[in-house]
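Here the structure is laid out as structure tokens; the discussion comes afterwards.
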Amino acid sequence: MEEIDRRIVTLLARDGRMSFTDLARETGLSVSAVHQRVRRLEKRGVLRGYTSLVDYDAIGLPMTAFISIKPIDPSAPDDAPERLKHLSAIEACHSVAGDESYILKVRVSSPIGLEELLQQIRAAANVSTRTTVVLSTPYEHRFPVPGEDEDAEEADKA
């Protein structure tokens, strides 16, 4: 990927509503050139969509937790994501290496809501769970810039 495309992706990852005019100003390209590059990045699947960041406290879901799951019967089919798809409190499902099979990121209204969700997860997918409740989130939704860490390491060596 070209450096200018990386810059466009980074800018849009930080602000998906950034205008083509602002992108052009930030990258030094013309508006039409930025527009073409963005469309190309969308066609290639690099940019897959644009979303809003939600204040979960404001909509009544102040509690975040990570739930690790593993099948009670290891020989059972690995279909937990499909079995849990209907539970809207599950924001993300990650397949992981280690003792557990998946880690779920969930958002609920209260400890009672979390307890009810855990029961639903266990019943729907026939899994055991291990839960970590989030106390605070110092940062989230950061975009790792490819090559940035390597540049910083080389600068430190100089």
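From the list VAL133, VAL96, VAL106, VAL127, which one is among the aliphatic types (A, V, I, L, M) and in contact with a Lys or Arg (Cβ under 9 Å, 6 or more places away or on another chain)?
Every option except VAL127 fails the conditions.
Looking only at residues that are of a type in the set (S, T, N, Q) and within 30 Å of GLU2 (Cα to Cα) in region 38-77, which one is most open to solvent (accessible area, probe 1.4 Å)?
So, considering only residues that are of a type in the set (S, T, N, Q) and within 30 Å of GLU2 (Cα to Cα), the one most open to solvent (accessible area, probe 1.4 Å) is THR51.
Checking the conditions here, which among ILE69, ILE112, ILE90, ILE103 is more than 30 Å from MET18 (Cα to Cα), of a type in the set (Val, Ile, Thr) and under 18 Å from the mean Cα position of the chain (by Cα)?
So the residue among ILE69, ILE112, ILE90, ILE103 that is more than 30 Å from MET18 (Cα to Cα), of a type in the set (Val, Ile, Thr) and under 18 Å from the mean Cα position of the chain (by Cα) is ILE103.
Taking THR27 as the residue in question, decide whether it is under 27 Å from GLU140 (Cβ atoms) and among the polar types (S, T, N, Q).
The answer is yes for THR27.
Looking only at residues in region 91-123 that are hydrophobic (A, V, I, L, M, F, W, C) and open to solvent by 30 Å² or more (accessible area, probe 1.4 Å), which one is nearest to PHE66 (Cα to Cα)?
Taking the candidates together, the pick is ILE103.
Kindly establish whether ARG83 is touching a residue at least 40 places away in the same chain (Cβ under 8 Å) and within 17 Å of GLN120 (Cβ to Cβ).
Taking the combined requirement at face value, the residue satisfies it.
The values are calculated or read from the model by the stated rules, or taken from the named source; none is laboratory data. Everything quoted here is computed from the prediction, not taken from an experiment. Positions of Cβ are backbone-derived with ideal geometry, glycine not excepted, and every protein chain shown enters the neighbour counts. The area values use the complete protein model at the heavy-atom level, side chains included, leaving out ligands, DNA and RNA. Shrake-Rupley method; radii C 1.70, N 1.55, O 1.52, S 1.80 Å.
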